[in-house]
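Just so it is clear, none of the values below were taken in a lab; they were calculated from the coordinates. In this text, all values refer to a predicted model and were calculated from it rather than measured experimentally. Virtual Cβ from ideal backbone geometry, glycine too; neighbours counted across all protein chains shown.
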Number of protein chains: 2
Amino acid sequence: MQFDLTQQYISNLKKTIKSDDKDTLRKGMEELHPADIAEILDELSKDEGRLLYSILEEEIAADVLVELEEDVRENLLASLSSKEIADQVIDNIESDDAADVIAELPDKVQEEVIKLIEDPEQASDIADLLTYDENTAGGLMAKELIAVNKDWAVLKCVREMRRQAEIIDEVYAVYVVDNDKKLIGLLSLNRLLITSTETKIEDVYEENAISVPVETDAEEVANIMDKYDLVVLPVVDSAGKLVGKITIDDVVDVIKEEAEKDYQMASGISEDVESSDKAWVLSRARLPWLLIGLVGGIFGAQIIGLYEHDIKIYPEMAFFIPLIAAMGGNVGVQSSALIVQGLANNTLGVESLTSKLIKELGVALINGLICSAVILGYNLIFSDSLALSLTVSVALLSVIIFAGLFGTLIPLLLDRADIDAALATGPFITTINDILGLVVYFVIGRLMYGAV
Amino acid sequence: MQFDLTQQYISNLKKTIKSDDKDTLRKGMEELHPADIAEILDELSKDEGRLLYSILEEEIAADVLVELEEDVRENLLASLSSKEIADQVIDNIESDDAADVIAELPDKVQEEVIKLIEDPEQASDIADLLTYDENTAGGLMAKELIAVNKDWAVLKCVREMRRQAEIIDEVYAVYVVDNDKKLIGLLSLNRLLITSTETKIEDVYEENAISVPVETDAEEVANIMDKYDLVVLPVVDSAGKLVGKITIDDVVDVIKEEAEKDYQMASGISEDVESSDKAWVLSRARLPWLLIGLVGGIFGAQIIGLYEHDIKIYPEMAFFIPLIAAMGGNVGVQSSALIVQGLANNTLGVESLTSKLIKELGVALINGLICSAVILGYNLIFSDSLALSLTVSVALLSVIIFAGLFGTLIPLLLDRADIDAALATGPFITTINDILGLVVYFVIGRLMYGAV
């Protein structure tokens with residue numbers, strides 16, 4: 001039942017497009033879900049895409065457009081007039097998607113399209129949605145919802161739903177408002193279905209519906225919907241009036257994007273890219289972190305340079321440079337990743353900063369002592385320098401402790417300063433810990449070689 | 001409206017629990033959502049938790065139990081008899097949650113609890129769910145669903161819903177089956193609400209409902225629900241019979257867990273842990289990757305050891321060891337992270353392996369040339385050794401290219417061999433690239449110092 005996109009399918013389709021066989025194309029697309037057609041369009045060239053798009057039915061085409069990658073959508077929208085965008089696209093999709101599509105258009109086209117929307121209510125809804133930051137509840141919400149007055153009977157409520165059925169695709173709940181249009185509760189559809197039509201809404205609705213203000217951060221919205229297992233979440237303005245609703249599918253996208261962003265940061269990728277993007281896009285996203293690493297490496301070289309004389313006498317000191325640097329980096333990344341993840345999922349609990357650091361010290365001591373013991377054993381067997389053996393183990397323990405504490409502290413401090421804590425992960429923390437590790441290593445080395 | 005858990009709140013609550021003031025406790029819990037109570041319980045000691053849990057109303061208590069962290073739930077379940085678990089917990093939650101709770105019990109208790117469930121249908125549903133792997137559609141699905149025969153009228157359908165309303169919390173769609181109970185489509189609730197009661201289901205239902213077989217992998221389920229924006233997904237057996245439904249909230253958990261797992265792998269954490277876990281749990285999750293790094297460091301030491309003589313003569317060679325190692329590691333992590341993410345999100349597209357490697361070569365060339373030029377500039381100005389300057393730049397370019405290709409290739413090969421590609425990220429790829437980088441660096445170094 002699911003469609004599976006293959007290289008074979010794309011190459012056949014490209015041939016059909018080349019031969020301009022519109023009937024075959026139309027027939028092939030008829031059986032597919034808009035999300036599948038979008039996946040296909042993402043693989044076609046600009047001209048092929050425009051041709052395939054042009055043969056789609058209006059409603060399907062609008063749904064496909066919403067699902068596309070941004071650059072592909074941009075190409076298709078550029079082939080449509082403002083009138084076509086207003087009539088064929090915007091009129092066939094929900095207000096949140098409509099606002100997202102319009103927001104991507106050049107400023108001048110935006111105004112034109114909004115003016116050309118026939119239904120004045122729809123036009124003002126979309127214009128309103130465009131005023132919110134896309135990373136807030138206002139930016140995620142759609143205006144399509146069914147609100148009923150608490151004084152109505154169930155019958156009137158069902159009639160209202162029938163009236164609106166053409167506009168709204170899926171309804172998961174009916175919102176109950178008072179005479180000032182303030183949200184006071186909700187009524188689930190199955191409740192509505194099984195209640196006698198004369199019953200007053202007031203007597204059957206659930207109070208205390210969870211809602212969020214329009215300015216709530218998108219990540220916070222995701223955490224709330226996830227925590228309370230909500231499929232749809234009403235949005236209210238500062239006066240408590242119901243202004244929109246957020247559905248879970250939009251929030252799943254937020255959760256995925258957020259997780260991807262953190263993952264990419266931890267991996268040293270600074271923009272939201274995909275493996276299928278063009279080489280220069282990928283280069284650009286990866287270069288900044290490499291340059292940070294490079295600067296770190298230059299600092300490292302300067303620190304080792306200070307100890308050039310020691311290395312000439314004890315060249316074996318150089319052997320363990322990569323080990324010390326790598327272990328500091330690894331421990332730092334582990335610690336900071338746990339904090340970043342805790343911040344993102346709101347699972348840090350109520351532990352204080354001090355108790356977090358004490359715990360991290362415990363973890364670092366356990367793992368540091370084990371690793372130091374392993375490397376001490378190795379060096380006592382295979383190396384003939386006691387000074388080196390002691391230096392490596394003591395330095396390793398110190399580096400693991402320092403890196404653990406740094407890795408815990410830095411993301412927490414960034415978060416308190418309202419900077420994205422994920423910045424602390426990846427090459428950044430690795431680089432700091434590399435340098436720190438080298439300093440510790442050589443300072444301890446000089447002490448040991450002096451003492452032993 | 002949302003509850004905000006603070007350290008202050010917990011410490012006050014602990015005092016109330018200590019003074020055994022059950023009335024105040026009961027009153028305080030009454031206003032809270034089960035998910036909030038679960039969050040509170042996660043912060044209490046075992047005994048405090050048991051006391052607080054004991055004062056909750058039965059239905060609320062069951063919902064709270066489902067939301068808890070596994071170890072906290074285990075503690076509470078251990079304080080209940082099998083009869084209490086069957087009557088007070090299992091009877092109040094949906095079948096998928098019931099199966100999850102029972103699966104966590106010791107084998108002997110599992111059997112007892114299932115025997116003690118009063119409703120034989122419920123008992124057999126749960127026993128059936130327990131047979132599926134938790135990472136498949138069968139492991140995610142619930143048995144509670146409303147299936148109607150295509151020959152029925154809407155009225156009969158609504159009656160069936162009324163009959164089942166007590167068992168099922170939220171209904172998002174009604175499934176339409178034929179006389180063999182095979183799934184043939186679905187009917188959305190709003191459609192049902194706005195259709196006249198005499199209409200036959202056959203005339204109003206939507207065909208081609210997207211469904212998955214019970215054995216579908218959980219990640220695949222998540223990708224399908226995300227791609228097609230589904231709130232609920234029906235599950236069928238090998239004969240096409242409807243056996244259950246998966247709701248989006250369970251899939252959000254899968255998406256989050258999957259993203260966390262990949263993130264933790266990339267950060268060198270081998271178990272699913274949280275920053276709030278105990279120190280020894282965190283140590284255990286982090287130690288394996290540190291030991292891998294340690295072994296890598298020992299290999300690195302041995303490689304540098306082979307060039308001990310060179311270092312004695314040209315100690316400046318040691319200066320750039322951390323830079324070369326770190327850059328190899330960074331590039332490797334970047335490349336592998338992009339592949340792992342593409343595999344997880346199903347966004348690798350239809351590009352072939354060769355074209356992926358060619359693109360990665362392009363990225364590596366662009367970034368490698370830029371980085372090499374920067375470091376060459378630095379060395380020409382600040383270092384008096386031309387051989388060193390050339391060695392560092394040539395080695396850096398080579399390392400960036402190798403690491404990029406390795407980072408792309410390894411996760412793809414792991415995936416083809418049905419091994420989790422995320423294994424390739426983090427300390428593993430960093431360590432390999434560290435070692436590789438050192439070999440390249442010293443080989444080129446000897447060539448350069450010989451030639452210049």
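The relative contact order of chain B comes to 11 percent, based on Cα pairs under 8 Å that sit 6 or more residues apart. Using the Cβ-Cβ distance between A:SER11 and A:LYS108 with R0 = 41 Å, the FRET efficiency computed as 1/(1 + (r/R0)^6) comes to roughly 0.60.
Provide the FRET efficiency to the nearest 0.05 for the B:ARG159-A:GLN88 pair, computing r from the beta carbons and using R0 = 56 Å. According to the calculation, E is roughly 0.85. Taken along the Cα-to-beta-carbon direction at a fixed 7 Å, the label points for B:ARG26 and B:SER79 span 1.7 nm. Averaged over the residues of peptide A:189-198, the number of Cβ atoms from other protein chains lying within 10 Å of each residue's Cβ is 5.
Segment A:GLU57..A:ASP133, full-extension length gain: 24.1 nm, with 0.36 nm per residue of separation and the alpha-carbon distance subtracted.
Each peptide in A:109-118, A:261-270 was scored by the mean count of other Cβ atoms within 10 Å over its residues; highest first, the order is A:261-270, A:109-118.
Placing +1 on the Cβ of each Lys and Arg and -1 on the Cβ of each Asp and Glu in the protein assembly as shown, which of A:PHE320, A:SER19, A:VAL154 has its Cα farthest towards the positive end of the resulting dipole? Checked the options; the winner is A:PHE320. Summing charges over neighbours of B:TYR205, with a neighbour being any other residue whose Cβ is under 12 Å away from its Cβ, gives -3 when K and R count +1 and D and E count -1. Within the same chain, lysines fewer than 8 places from A:LYS256 are excluded, and of the rest, those with a Cα less than 19 Å from its Cα are A:LYS227, B:LYS227, B:LYS256, B:LYS261. Multiplying the residue separation of B:THR347 and B:ILE381 by 0.36 nm and removing their Cα-Cα distance gives an extension gain of 7.8 nm. Given +1 at the Cβ of Lys and Arg, -1 at the Cβ of Asp and Glu and no other charges, the dipole of the protein assembly as shown around its Cα centre is 3820 debye to the nearest 20. Averaged over the residues of B:334-342, the number of partner chain Cβ atoms lying within 10 Å of the residue Cβ comes to 6. When the Cα positions of B:GLY300, B:ALA266, B:VAL251 are compared along the charge dipole of region B:186-338, B:GLY300 comes out farthest toward the positive end, with charges on each C-beta of Lys, Arg, Asp and Glu. For B:LYS108, a cut-off of 30 angstrom between C-alpha atoms picks up these lysines, skipping any fewer than 8 places away in its own chain: B:LYS46, B:LYS83, B:LYS143, B:LYS245, B:LYS278. Fully extending the segment from B:ILE358 to B:LEU413 would add 18.2 nm, taking 0.36 nm per residue of separation and subtracting the current Cα-Cα distance.
Using a 7 Å offset from Cα along the direction of the beta-carbon, what are the separations from A:ASP217 to the same position in each other copy, nm, ascending? The answer, with the shortest distance listed first, is 3.4 nm.
The DSSP beta bridges internal to the protein assembly as shown are antiparallel in roughly 75% of cases. A:GLY342 sits among other residues whose Cβ lies under 11 Å from its own Cβ, and their net charge, with Lys and Arg +1 and Asp and Glu -1, is -4. When A:ASP249 is represented by a point 7 angstrom out along its Cα-to-C-beta vector, the spacings to that point in the other copies are 2.0 nm, nearest first. Taking Cα atoms only, the orientation of helix A:353-382 departs from the longest principal axis of chain A by about 50 degrees. Summing +1 for each Lys or Arg and -1 for each Asp or Glu among the other residues whose beta-carbon sits under 13 angstrom from that of A:ILE370 gives +2. Judged by the mean number of other Cβ atoms found within 10 Å, the most tightly packed of the peptides A:444-450, A:22-28 leads the ranking A:444-450, A:22-28. Protection proxy ranking, highest mean first, for peptides A:317-329, B:199-211, A:196-208, A:234-246: A:317-329, A:234-246, B:199-211, A:196-208, where packing is the per-residue count of other beta-carbon atoms within 10 Å, averaged. Given R0 = 60 Å, the distance between the Cβ atoms of A:ASP203 and B:LYS18 translates into a calculated FRET efficiency of 0.90.
For A:LEU32, inter-copy separations between label points set 7 Å beyond Cα along the Cβ vector come to 5.1 nm, shortest first.
Our summary gives region B:279-451 a relative contact order of 39 percent, counting only alpha carbon pairs under 8 angstrom and 6 or more residues apart. From helices alone, chain B scores -20000 deg cm²/dmol at 222 nm; the rule is -39500 (n - 2.57) for each run of n ≥ 4 DSSP H residues, then divide by the residue total.
Between A:ASN179 and B:LEU291, the distance separating the two model label sites (each 7 Å from Cα on the Cα→Cβ line) works out to 7.3 nm. By the count of other C-beta atoms within 10 Å, a proxy for reagent exposure, B:GLU31, B:GLU59 are ordered fewest to most as B:GLU31, B:GLU59.
Figure legend: label point modelled 7 angstrom from the Cα of B:ASP151 along Cα→Cβ; residues of region B:191-220 with amide N under 13 Å from it are B:201-202. Peptide B:42-49 shows a mean partner chain C-beta count of 1 within 10 Å per residue C-beta.
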